[in-house]
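The values are calculated or read from the model by the stated rules, or taken from the named source; none is laboratory data. No experiment lies behind these values; they were computed from the predicted model shown. In this analysis, Cβ positions are derived from the backbone assuming ideal geometry, glycine residues included, and neighbour counts consider all displayed protein chains.
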Amino acid sequence: MQANTLAILPEISLAVLAALLILIDLRLKPERKALLPGITAAGLLAVLALTLAFARPGAAPESIWGGMLRHDTAAFVFRLIFLFGAAVTCLFTIGWKQVERRGEFFVLLVLSTLGMTLMAAAGDLIMLFLAIETASIPLYVMAGFMTADEKSTESGFKYLLFGALTSSVMVYGFSLLYGFAGTTDLYALAAAVASGDLPPLGLLGALVLVLAGFGFKVAVVPFHFWAPDVYEGAPTPVTAFLSTASKSAGFAVVVRFLLAVFPAAVLPQIIGVAALMSVLSMTLGNSAALAQRNIKRLLAYSSIAHAGYILMGVAAASLLGAASVVYYLAVYLVTNLAAFGVVIIYFNVVGSDEIKDYAGLSRRHPGLAFALLVALLSLAGVPPLGGFFAKILVFAAAVEAGLIWLAVAGVLNAILGLYYYLMVLKVVYLDRGPDEDKPLPVRRAHMAALVVCLLLVLALGTVLGPMYDWSNLAAGGLF
Amino acid sequence: MVPVQYFVGLSAILFTLGALGVLTRRNAIIIFMSIELMLNSANLLFVAFARAFEALSGQIFVFFVMTVAAAEVAVGLALIVAVFRTKDTINIDEVSSLRG
């Protein structure tokens, strides 16, 4: 019983943090409300420390709380990823006028993180559904948070419509799965699937319906339509959170579902579906990104392409594949947060997200330009940054699984990706802007968050050992 | 006792009707109602299977789906009001300032 309680310590402390934030927001004097993002970030980092100290799983994965949750390394590593992403997002909201003084925004952020940690640990269809909705519903509100802004409300509205539609399709898929197997427990479902008594075609149909819901969360083709619009309209800190933590949470579920519950040995068609979605996402994301003039839309299409690379690891359907997914997500989270950090800092000063307005950034603030350089090169997969090793891992997983054509498509896409990242860097470094001699103030909190992210990008590309070991343990814990 | 296949058929019809509504209607509130229909078709299936298996978990699932649907509608209507305030319309064809 006590071990069970310790295992959900992150969730308990997140719920306590959310309640505390409501109280703090009530008691705080209006002129001190600007402290809220810092308080939330500190609280999230405290939860991260508590998780590291007390909620480590044992060597063998366990089912706890009557099978509702799984206590394994996969859930543990993903929790750390979400908590870090949420904390950095909070730091980046400092200075975002419509958001930084609104306590309810940070309560929603913490509750959404709570949903994500449950998504990573869910061991039952009921829990999984509730976790996905707990993570999503606050995000709808956060995307539409700037109610006076036409784009923000539209972004929240579109996100909600797509989210509600795909989640209802997903629930229909869940109900069919329940009908086939007669259980809502994921691992009992896995045993029923492995026994081979269930009709494979029916299972595949139900799985496709379920994948609509998951595909929406991770924004892969053909469930990606919402992403560019929502990313562009939402407050940029929310966009950063959506494209990193929310996507990782979706993949935590995809990996568990496709590798542990529906092993490719029973349903070989899954590999084909995942590989097809992967190649479509990469190609469509990268080629649409080429034509973008708005940096947030460009990063949105780039995030669709990255979802494609990550799906390559899922399609490999092996231990290495699952480990590469975890590693890629960790790298992608810190890299994309750094890229969005620069976008947020620049928008706070200049008030524009157009790529052409980035001209002269390198002369105006060399440090910020360098941060963008490192982040974009890591997204492109240039050594010695984290993105390079992450790409090597997913390509290796695809080759090991015999999907050589998929790996070749991935390499070609990486080259295509390099082109548009370099186009942005060309504007930043070579083009001359009108305001080059004006100062560009950067807040200390922003700089600190940016430096931490960049150090991690570099560390994940050079000191591979610790994260790689964790990824392997996480992959092993799924089964 | 009505065989479970009948329920599966009925829920498939409801689900299709809901999906068609989402695809063809332009009014945000009607789209929302269609999504509710899709959710309820899944609920019907859960209850039918729960009775067929004589297991409770399906029925419990339905309770949670209903709760979540209510939360989603609350957020959805709030967002629809916010959109109406900025654009004076809830026709989804006219809510399209984000393009590229």
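Does segment B:6-15 contain any residue that is at the interface with chain A (Cβ under 7 Å from one of its Cβ atoms) and in contact (Cβ under 8 Å) with a residue 12 or more places away in the chain? Step through it out loud before you land on a result.
Keep residues of segment B:6-15 that are at the interface with chain A (Cβ under 7 Å from one of its Cβ atoms), which gives B:15.
With in contact (Cβ under 8 Å) with a residue 12 or more places away in the chain added as a condition, the list becomes B:15.
Yes: one or more hits.
What residue, of A:Ala148, A:Ala181, A:Ala121, A:Ala188, is assigned by TED's automatic domain parsing to the domain that holds A:Val88 and touching a strand residue (DSSP E or B) at 6+ places or on another chain (Cβ under 6 Å)?
Result of the check over A:Ala148, A:Ala181, A:Ala121, A:Ala188: A:Ala121.
Condition first: outside the structural domain of A:Thr93 (by TED's automatic domain parsing) and in contact with a strand residue (DSSP E or B) (Cβ under 6 Å, 6 or more places away or on another chain). Can you find one or more residues in segment A:325-344 that meet it? Can you show your working first?
Here is the first cut: in segment A:325-344, the residues outside the structural domain of A:Thr93 (by TED's automatic domain parsing) are A:325-344.
When the remaining residues are screened for being in contact with a strand residue (DSSP E or B) (Cβ under 6 Å, 6 or more places away or on another chain), the result is none.
So far as segment A:325-344 goes, no, none of its residues is outside the structural domain of A:Thr93 (by TED's automatic domain parsing) and in contact with a strand residue (DSSP E or B) (Cβ under 6 Å, 6 or more places away or on another chain).
Pick out the one residue from A:Leu130, A:Leu139 that is at pLDDT 95 or above, buried (at least 24 other Cβ atoms within 10 Å of the Cβ) and either more than 8 Å from every other protein chain (Cβ to nearest Cβ) or over 18 Å from the mean Cα position of the chain (by Cα) (or both).
On inspection, the qualifying residue turns out to be A:Leu139.
Considering segment B:42-100 alone, what residues qualify as being farther than 21 Å from A:Ile137 by Cα and small (Gly, Ala, Ser)?
B:Ala48, B:Ala50, B:Ala52, B:Ala55, B:Ser57, B:Gly58, B:Ser96, B:Ser97, B:Gly100
Return the residues of segment B:78-100 that are touching a residue at least 24 places away in the same chain (Cβ under 8 Å) and in a helix (DSSP H, G or I); say none if nothing qualifies.
B:Ile80, B:Val83
Might you check whether a residue that is more than 9 Å from chain B (Cβ to nearest Cβ) and surrounded by 22 or more Cβ atoms within 10 Å (Cβ to Cβ) occurs anywhere in segment A:147-155?
Filtering segment A:147-155 down to residues more than 9 Å from chain B (Cβ to nearest Cβ) leaves none.
Looking for residues that are more than 9 Å from chain B (Cβ to nearest Cβ) and surrounded by 22 or more Cβ atoms within 10 Å (Cβ to Cβ), one finds none in segment A:147-155, hence no.
Take the residues of segment B:34-57 that are facing chain A (nearest Cβ under 7 Å), more than 18 Å from the chain's Cα centre (by Cα) and of a type in the set (A, V, I, L, M, F, W, C): which is farthest from B:Met1 (Cα to Cα)?
Ranking the qualifying residues of segment B:34-57, first place goes to B:Ala55.
Would you please list the contacts, defined by Cβ atoms under 9 Å and residues six or more apart or on different chains, that run from a residue in segment A:243-269 that is farther than 14 Å from A:Pro200 by Cα to a residue that is of a type in the set (S, T, N, Q) and not in a helix (DSSP H, G or I)?
Matching pairs, first to second residue: A:Leu259/A:Ser318.
When the residues of segment A:351-390 are filtered to those that are surrounded by 24 or more Cβ atoms within 10 Å (Cβ to Cβ) and not hydrophobic (A, V, I, L, M, F, W, C), which remaining residue is farthest from A:Gly341 (Cα to Cα)?
A:Gly381
Considering only residues that are within 24 Å of A:Ala188 (Cα to Cα) and of a type in the set (Val, Ile, Thr), look in segment A:42-76 and name the one that is modelled with the highest pLDDT.
Looking at the filtered set, the residue picked out is A:Thr73.
Here is a yes/no grid of residues against (1) in contact with a helix residue (DSSP H, G or I) (Cβ under 8 Å, 6 or more places away or on another chain); (2) β-branched (Val, Ile, Thr); (3) away from chain B (no Cβ under 14 Å); (4) at negative phi:
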| position | (1), (2), (3), (4) |
| --- | --- |
| A:Gly196 | no, no, yes, no |
| A:Val210 | yes, yes, no, yes |
| A:Val221 | yes, yes, yes, yes |
| A:Glu232 | yes, no, no, yes |
| A:Ser246 | yes, no, yes, yes |
| A:Gly250 | yes, no, yes, yes |
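Taking segment A:179-194 as the search range and keeping residues that are buried (at least 20 other Cβ atoms within 10 Å of the Cβ) and more than 28 Å from the chain's Cα centre (by Cα), which one is farthest from the other protein chains (Cβ to nearest Cβ)?
Going through the qualifying residues, I end up with A:Val193.
Using the structure shown, decide if A:Leu473 is modelled with pLDDT of 90 or more, surrounded by 13 or more Cβ atoms within 10 Å (Cβ to Cβ), part of a helix (DSSP H, G or I) and of a type in the set (A, V, I, L, M, F, W, C).
No.
Counting only residues that are of a type in the set (A, V, I, L, M, F, W, C) and surrounded by 15 or more Cβ atoms within 10 Å (Cβ to Cβ), which one in segment A:400-421 is nearest to the chain's Cα centre (by Cα)? Explain how you work it out, then say what you get.
Of segment A:400-421, the ones of a type in the set (A, V, I, L, M, F, W, C) are A:401, A:403-409, A:411-412, A:414-416, A:418.
Now drop any that are not surrounded by 15 or more Cβ atoms within 10 Å (Cβ to Cβ), which leaves A:401, A:403, A:406-407, A:409, A:414, A:416, A:418.
Numbers: A:Ala401: 25, A:Leu403: 25, A:Leu406: 23, A:Ala407: 22, A:Ala409: 23, A:Ala414: 20, A:Leu416: 22, A:Leu418: 21 Å.
Of everything passing the filter in segment A:400-421, A:Ala414 is nearest to the chain's Cα centre (by Cα).
Cβ-Cβ below 7 Å, separation at least six or inter-chain, first residue in segment A:271-283 and assigned by TED's automatic domain parsing to the domain that holds A:Ala316 and basic (Lys, Arg), second part of a helix (DSSP H, G or I) and at pLDDT 95 or above: which pairs?
none
Could you please give the count of residues in segment B:82-100 that are more than 9 Å from chain A (Cβ to nearest Cβ), on the phi < 0 side of the Ramachandran plot and surrounded by fewer than 13 Cβ atoms within 10 Å (Cβ to Cβ)?
Of the residues in that region, 3 qualify.
Could you figure out which of (1) out of contact with any Pro (no Cβ under 6 Å at 6 or more places or on another chain); (2) within 24 Å of A:Ala338 (Cα to Cα); (3) of a type in the set (D, E, K, R) isn't true of A:Glu133?
(2)
Just checking, how many residues over segment A:343-370 are closer than 16 Å to A:Leu422 by Cβ, touching a residue at least 60 places away in the same chain (Cβ under 8 Å) and part of a helix (DSSP H, G or I)?
The qualifying residues number 6.
Taking A:Tyr358, is it of a type outside the set (D, E, K, R) and farther than 24 Å from A:Arg443 by Cβ?
Considered against the rule, which asks whether it is of a type outside the set (D, E, K, R) and farther than 24 Å from A:Arg443 by Cβ, A:Tyr358 comes out as no.
Among the candidates B:Ile31, B:Ile60, single out the residue that is facing chain A (nearest Cβ under 9 Å) and surrounded by fewer than 18 Cβ atoms within 10 Å (Cβ to Cβ). Show your work before the answer.
Numbers: B:Ile31 fails: surrounded by fewer than 18 Cβ atoms within 10 Å (Cβ to Cβ).
Among B:Ile31, B:Ile60, only B:Ile60 is facing chain A (nearest Cβ under 9 Å) and surrounded by fewer than 18 Cβ atoms within 10 Å (Cβ to Cβ).
Residues A:Thr51, A:Thr5: which one is more than 30 Å from A:Ala339 (Cα to Cα) and either crowded, with 21+ Cβ neighbours inside 10 Å or of a type in the set (Ser, Thr, Tyr) (or both)?
So the residue among A:Thr51, A:Thr5 that is more than 30 Å from A:Ala339 (Cα to Cα) and either crowded, with 21+ Cβ neighbours inside 10 Å or of a type in the set (Ser, Thr, Tyr) (or both) is A:Thr5.
Give segment B:55-100 a look and list any residue that's of a type in the set (D, E, K, R) and farther than 22 Å from A:Leu128 by Cβ, or say none.
Hits for segment B:55-100 are B:Arg85, B:Lys87, B:Asp88, B:Asp93, B:Glu94, B:Arg99.
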